[in-house]
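Read the structure below first, then the notes.
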Amino acid sequence: MDAPATARTAPATRSAEGLGGLTNPRVYLSLIALSLLLILPLVSGSSFLIHVAVTICVFAALASAWNIMGGFAGQLSLGHAVFYGIGGYGTALLIKHFGLSPWIGMWPAALLAALVGAAIGYPCFRLRGPFFTLATIAFLQVTRLLAIHFGDVTGGAAGLIVPLNPGWAWMIFYEKVNYLYIAFGLLLLALGASWWIRNSRLGYALIAVREREEAALAAGINNSGVKLRAVMASAGLTALVGAFHAMYLTFLEPETMFSLTLSIEVAMYALIGGIGTVSGPLLGALLVVPLAEAARGWLGGQASGLHGFVYGAALVIITLTMPAGLVGTFGRRIGGWIDRLPGGGAAPAVAPLLPPRPVEGRAGETVLEGRNLVRRFGGLVATNDVSVTLRRGEILGIIGPNGAGKTTLFNQLSGFLAPSSGTVAVRGPDGEMAAPRNPDEFARLGVGRTFQIVQPFGKLTVLENIMIGAFLRHSGVAEARAAALRVARQVGLEELAEVEARNLPIGGLKRLEVARTLATEPSILLLDEVMAGQSQADTQRMVALIRAVRDSGVSVIAIEHNMHAIMSISDRIVVIDSGRVIAEGEPRAVVRDRAVIEAYLGEDYVDAQGL
Amino acid sequence: MDILVQLIVNGIMLGSMYAIISVGLTLIFGIVRVVNFAHGELLMVGMYATYLLGAKLGLHPYLAAFPVVVLLFVVGALIQRFMIQPLLKAEEHIQIFATVGLSTALVNLALLLFGADLYSLQVPSVRESLRLGGSTLLVGQAAMLLCAVALIGGLHVFMHTTPLGRAVRATAQNRNAALLMGVPVERIYIFAFGLGSACVGLASALIMPLIPVTPTIGSYFVLTAFVVVVLGGMRSLTGAFVGAMIIGIVDSLSGYYIAPDLKEVVYFAIFIAILVFKPTGLFGLGRGTE
Amino acid sequence: MESLTRRGALAGGVALAAAPLLGSAALAQSGPIKVGALFPFSGGLALLGDESYRGVEIAIEERNAAGGVKGRPIQVVRGDAVDPNQAVGEARRLTSVERVTCIFGTFSSSLCLAATQVTELAQIPYFELGAISDPITERGFRYIFRTNATASGFANMMVDSIRDAVAPAYKVDPKSLKVGIIHEDSLYGQTVAGYQKKRVQELGLNLVETLPYSARSVDLTPVVLRLKSAGVDVVLQTSYQNDTVLFFRQMREQGYRPRAAIGAGGGYSLRDTMEAVGAQHMEGALNVDFTQFRTNPAGAPGIEEFVRKYQAKYNMAPRSGHSLCNYMGAVVFLDAMQAASDLRAAAIREAVLAVDKPVGSTATGWGAKFNQAGQNERADPFLMQWQGGELVTVFPASAAMAPVKPVLGTA
């Protein structure tokens, strides 16, 4: 392997590992800024300032929790008060009926919220943006109405009063500053969870799913699974904050605990700060909560509705002028300044390079078999009784005119389309043939595929794009980065590793497509027209790359229109026309086949040539 | 039995109110492909306008409908031109936030201008009871049913026979193809949003003599309107009409047979069930999933 | 004053940091007495919140014109509470930043419940003048006092009226009347209806329907039909304006005429409701509420004086009875503060518990005598009836302007 690279990145690994990197200005400045939220009210001693600080902590924590689902997973919920209310009511009811301390009661409440989150999320994930949002609002309304109706359990509209037993055991204090300690702790918890998720395999998977569901599937990500985890984390955290806030308000009623306004406000803080960023929700709350409190002082009694109007108008203006929020708009620049401070600009952690997973198995054995595949779209039969077999260590070329059914076949071989009839079997790492059902299962068994229409994650860097694939075999971020670097070098994208993918030219995108797939360390590689749009030199590099991959033991199927290239690399060729296999064999034999020439050039041509 | 008939008549009357509110939402979603969370607030604006014309100028709400429809057309066109248009290419969540923000701003603007009081128009002729067999309905409700049917019929004729209507349909079906054919898509969008909003104007003039207006009246109706539109398959006016009738009757029956305070739970449950199990709507006309 | 502030600060747990600020508190000893006024000044409850506050404002101006409390003028600091979270925030601000001696409030029960959880811990007396939820004075707090009647008071009065007013007027046995309870499902309706059910059982009356509904509802036909098919004679409705109007209209449309409908204040008290329904259709509707302006002045000394002052100050007639009740309560508590040995919470509590005013001696016609929980035990709501487009007090006899009419609707 590439020893010098290992040596170069090793020191960075130590200095920036986790939160231990206190010398990194991004870390120490954040901690200093955060601690001000605690120190300023403490120094001033004003109970009102403490209240403002508690409110900031609560809303920042709620917005951070919301952001895990609304930002990272891209599931825009405007019904998050459901979880907040469950946290509050659950804790208060456990106090009331079982005398359980809120410190204990908040956990079952959070668990319940997480389960409710899963129950709401799972059936709703397939809904498109606004319809998902509507469904969350509907769930919120139903919950609120039920909480009112079943007054025997919840206290109904009359509300629930938390008994005033001061002391740490009951989370009720004469000394208001104790509330701030807890609220601050919850904020740290929410920020920590958010930071951890963003910088873990889960965070990358969530972004991948949010940006391009198909490419995420191809990288072996279980779409619903990662979304569920995000929703449960988000709901649980929200419930913990709700539990605390209920103890702080000491009075719960359905209108406040299951409030649509609250849900919208929380999402708005995240939007203003920057959706999908770790610090955005905090910044949003930090900016807006004090402004709102101050505005209440100035405007409060004078004009009802004025500050609501300002809220709404601000929301519209921000969407029009600064949709990426504070962090998205100014983050890069300010991040740059911060990195210039002492200790700044450290490279992210990269683990020592590991060799790719070796492909094991007997050469020549069948690794992928599609048998009698039929796929209908309405009346159209896209593949009609197609059987293909891929043997270990070979390169199989699939050619055929446009619309012949090649990509439909690919989609069936990689699990993206279920065949109308017929079977697909894959030889897994255990050496047994298996019949996976979902694209992500195919990927985990070692089937890697590219898309004819490239599927880059535009907002991520080239390296991060490749890491999405690498996470399939490496759970740690540093290991995945190392593996991604190796692949980047292999496909010639190393120079562009830190470029955002949306800025790549088409040739680069094609190579990125291959790189992301190679990073999943497949034993079977399905390439869909990866040479289209490439320059002559690039095509030759791609050919060399495919050969090298094959030589490492990977079996390859390539769909290609570039006849010269496909003929030169393929061990065997399958020709498809109108959904049927019309010829199969060695490249030289296939090009002489009458049916093939007919398919490409028409019967007239064949007759004229007297073939 | 009498009671069941009365409940169904009552449900149909409620349904025609939901239908006429939902027509605009369906048009805007079907053509511009934007889910307008501020739809209810357009209704609120229309109702205040009708109220002011009635209370200050003594205009009968059915006459006030004409200026209100024009006003709402302009409001809708302005919203499309200055708010939705710049966001058409933005991510979906940005569009959602924008219309949610507009909704919040309008509700509070109304609170600022009119306070939280109820304003109602006293128009006794509209509240006159009609006996129909053993059941009762109001003149205003019957008018609403007729207008809903006429509006949907009129829109259908407009969409299928006029050049402008065809251009609108072409844009709704395939924006890019329409663009290639020389349809001025952006102007069509402005027109479509205005048209959808004008339908809400008509609805508000019909509703005002029956129901008092408050700043939050829109939020009561908007969720119901979404339920109706989803039930009807999102893009189909006839679907919306049938969906509205179903929700109206469910509303009326569940209020009597289950509990008056749980009727919203019942139709929200239907809403969620439709979204989850049959996102194309009851008649398979639309799509809630990708 | 300084010792008070210091105590408050200690209770707030900020003694250390508060020390540098005490300079201004020392000045305050001869300066005005700050009191808080916590009401919903913005948001959906703003109208009646503001109307309530006007009563407090007039009471304080009156008191200042008469030399203030203990020779010091009273200065009001307003706090705007839209929802419970803001009520908590504003209560914190009033007690810690403004350092008020006491707080007047709140109109809305949920706002009061939230705010008083703060003031109790800060040991600042809280004077509730309008919120009716019973638990406000049932939490064992030492520094909450309330002049007005509670939800259970309303509910009992409504149910008792069936026995004491409706049945005698129709000359029937109260147990022969079928009773239906309908209510909007927010805190107000649910609380009152809960006590109604209890009271109906206590009196052994015949309850046949209990129907909650949303106040935002645009159609109460199902409710009307349920009552009609159950043959309900007396409807007890706890409602706001919109649903009251809707109920009366749809009763008429469905041809349903119970013998009596009794409201719990709210929508039944408003002139707008009567105008929207029509005087002839509202004729005979009964209503239990705080004292309204059409009350016999002989039983409510000072009521005419109050209306005159209100007219002069705001250039309009009072918008509802809320201002009057808040005025009465504020007067009682300001008197108690004047009588207290000093302005510390304990002394104020002592003075409030010592108040003893007989029924019929205040502008609302109520008396004032507080139990240990801080609840005024001499504040019963009155029974009123819409007669000829006016809301006339009909019960109890001391405050009555006219007898009960056995009628509902004339059409």
If the requirement is being among the aliphatic types (A, V, I, L, M) and buried (at least 20 other Cβ atoms within 10 Å of the Cβ), which of these qualifies: B:ALA64, B:ALA90?
B:ALA64
Residues of the range A:419-451 satisfying the condition of being closer than 16 Å to A:LEU512 by Cβ and modelled with pLDDT under 85
none
Within the range C:169-182, identify whether any single residue is small (Gly, Ala, Ser), more than 14 Å from every other protein chain (Cβ to nearest Cβ) and closer than 24 Å to C:PRO403 by Cβ, and answer yes or no.
yes
Taking the range C:391-400 and keeping only residues that are touching a residue at least 60 places away in the same chain (Cβ under 8 Å) and either buried (at least 16 other Cβ atoms within 10 Å of the Cβ) or touching a Leu at 6+ places or on another chain (Cβ under 6 Å) (or both), one is left with C:LEU391, C:VAL392, C:THR393, C:VAL394, C:PHE395, C:ALA399, C:ALA400
Restricting to the range A:479-516, name every residue that is touching a Pro at 6+ places or on another chain (Cβ under 8 Å) and more than 23 Å from A:VAL556 (Cβ to Cβ).
A:ARG481, A:ALA482, A:ALA501, A:ARG502, A:LEU504
Going residue by residue through the range A:449-472, is there one that turns out to be charged (D, E, K, R), in the same structural domain as A:PHE410 (by TED's automatic domain parsing) and without any contact (Cβ under 8 Å) to a residue 60 or more places away in the chain?
no
Just the residues that are of a type in the set (Lys, Arg) and within 14 Å of another protein chain (Cβ to nearest Cβ), please, taken from the range A:228-275.
none
Scan (1) within 14 Å of chain C (Cβ to nearest Cβ); (2) buried (at least 24 other Cβ atoms within 10 Å of the Cβ); (3) within 20 Å of B:GLY281 (Cβ to Cβ) for the single condition B:LEU223 breaks and write down its number.
(2)
Within the range C:277-290, which residues are surrounded by fewer than 23 Cβ atoms within 10 Å (Cβ to Cβ) and within 14 Å of chain B (Cβ to nearest Cβ)?
C:GLY278, C:ALA279, C:GLN280, C:HIS281
When you go through (1) under 29 Å from B:TYR119 (Cα atoms); (2) within 12 Å of another protein chain (Cβ to nearest Cβ); (3) part of a helix (DSSP H, G or I) one by one for B:ALA273, which number turns out not to apply?
(1)
Yes/no for C:ARG216 being among the basic types (Lys, Arg), facing another protein chain (nearest Cβ under 10 Å), in a loop (DSSP other than H, G, I, E, B) and at negative phi:
yes
Looking at the range C:68-79, can you tell me whether even one residue there is within 9 Å of another protein chain (Cβ to nearest Cβ) and modelled with pLDDT of 85 or more?
yes
All positions within the range C:242-275 that are of a type in the set (Gly, Ala, Ser) and modelled with pLDDT under 90:
C:GLY255, C:GLY265, C:GLY266, C:GLY267, C:SER269
Can you work out which of the residues in the range C:112-138 that are within 18 Å of C:ASN371 (Cα to Cα) and part of a loop (DSSP other than H, G, I, E, B) is nearest to the other protein chains (Cβ to nearest Cβ)?
C:SER133
Condition first: of a type in the set (A, V, I, L, M), without any contact (Cβ under 8 Å) to a residue 24 or more places away in the chain and surrounded by fewer than 24 Cβ atoms within 10 Å (Cβ to Cβ). Now tell me which residues in the range A:103-144 satisfy that.
A:ILE104, A:ALA119, A:LEU127, A:VAL142
Would you check if there is a residue in the range C:36-47 being over 23 Å from the mean Cα position of the chain (by Cα) and at pLDDT below 90?
no
For the range A:146-174: of the residues being free of Cβ contacts under 8 Å to residues at least 24 places away in the same chain and in contact with a Leu (Cβ under 9 Å, 6 or more places away or on another chain), which is farthest from A:LEU93 (Cα to Cα)?
A:TYR174
Please report, ordered by residue number, the strands (runs of 3 or more DSSP E) entirely within the range A:364-473 with at least 3 residues that are more than 21 Å from A:MET531 (Cβ to Cβ).
A:366-377, A:380-391, A:421-427
Those residues of the range C:52-82 which are closer than 20 Å to B:ALA110 by Cβ and either charged (D, E, K, R) or touching a helix residue (DSSP H, G or I) at 6+ places or on another chain (Cβ under 7 Å) (or both), in sequence order:
C:ASP80
Of the residues in the range A:589-601, those that are among the charged types (D, E, K, R), part of a helix (DSSP H, G or I) and without any contact (Cβ under 8 Å) to a residue 12 or more places away in the chain number 1
Mind listing just one residue for me: the one in the range B:231-270 that is outside any helix (DSSP H, G or I) and within 20 Å of the chain's Cα centre (by Cα) and, of those, surrounded by the fewest Cβ atoms within 10 Å (Cβ to Cβ)?
B:SER236
Just to be sure I understand, how many residues within the range C:332-344 are more than 24 Å from C:ALA379 (Cα to Cα) and either of a type outside the set (A, V, I, L, M) or under 24 Å from the mean Cα position of the chain (by Cα) (or both)?
3
Could you say which residue among B:GLY248, B:GLY239, B:GLY255 is away from every other protein chain (no Cβ under 11 Å) and either among the small types (Gly, Ala, Ser) or in contact with a Gly (Cβ under 6 Å, 6 or more places away or on another chain) (or both)?
B:GLY239
Considering only residues that are surrounded by fewer than 19 Cβ atoms within 10 Å (Cβ to Cβ) and under 23 Å from the mean Cα position of the chain (by Cα), look in the range B:123-136 and name the one that is nearest to the other protein chains (Cβ to nearest Cβ).
B:ARG127
Enumeration of residues in the range A:141-159 that are within 7 Å of chain C (Cβ to nearest Cβ) and in a helix (DSSP H, G or I)
A:ILE148, A:GLY151, A:GLY156, A:ALA157, A:ALA158
Which residue is nearest to A:ARG126 (Cα to Cα), if the candidates are limited to the range A:49-75 and must be within 14 Å of chain C (Cβ to nearest Cβ) and of a type in the set (Val, Ile, Thr)?
A:VAL58
Taking the condition of being among the charged types (D, E, K, R) and either farther than 18 Å from B:LEU137 by Cβ or within 13 Å of the chain's Cα centre (by Cα) (or both), how many residues in the range B:1-30 meet it?
0
Any idea which residue in the range C:203-225 is surrounded by the fewest Cβ atoms within 10 Å (Cβ to Cβ), counting only those that are over 13 Å from C:LYS178 (Cα atoms) and not hydrophobic (A, V, I, L, M, F, W, C)?
C:ARG216
Take the residues in the range A:122-132 that are part of a helix (DSSP H, G or I) and farther than 15 Å from B:ALA269 by Cα, then tell me which one is farthest from the other protein chains (Cβ to nearest Cβ).
A:TYR122
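The values are calculated or read from the model by the stated rules, or taken from the named source; none is laboratory data. What you see is a predicted model; the values in this text were computed from it and never measured. Glycine also receives a Cβ, built like all others from the backbone with ideal geometry; neighbour counts cover every protein chain displayed.
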